[in-house]
1. Can you show me the helix-derived [θ] at 222 nm for the chain, built from DSSP H runs with n ≥ 4 at -39,500 (n - 2.57) apiece and divided by the number of residues, rounded to the nearest 500.
2. If I histogram all Cα-Cα distances within the chain using bins 10 Å wide from 0, what percent of pairs lands in each bin?
3. So for each of 47-55, 22-30, 10-18 I average, over its residues, the number of other beta carbons within 10 Å; can you give me the resulting order with the highest mean first?
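No lab work stands behind these numbers, since they all come straight from the coordinates. Since we're looking at a predicted model, the values are computed, not measured. Every residue, glycine as well, gets a Cβ built from its backbone with ideal geometry; the counts of neighbours run over all protein chains shown.
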């Protein structure tokens, strides 16, 4: 989920970490399955995708099974 979000947002891991308020290593751990993104991290990813309009809405539906409000 995290890697797909990063690719969809067209940002580096470092920038994604900064936007989510975590460190780069945390992003790597999420991607490698060593730990799971907390609800707050997922919420911030969802919020960022919503700012992308229709493209982000499609991604939210595909990955999170959600429709944007």
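1. So the calculated ellipticity at 222 nm is -20000 deg cm²/dmol.
2. Per 10 Å bin, starting at 0, the Cα pair percentages come out as 22, 58, 20, 0.
3. 22-30, 10-18, 47-55
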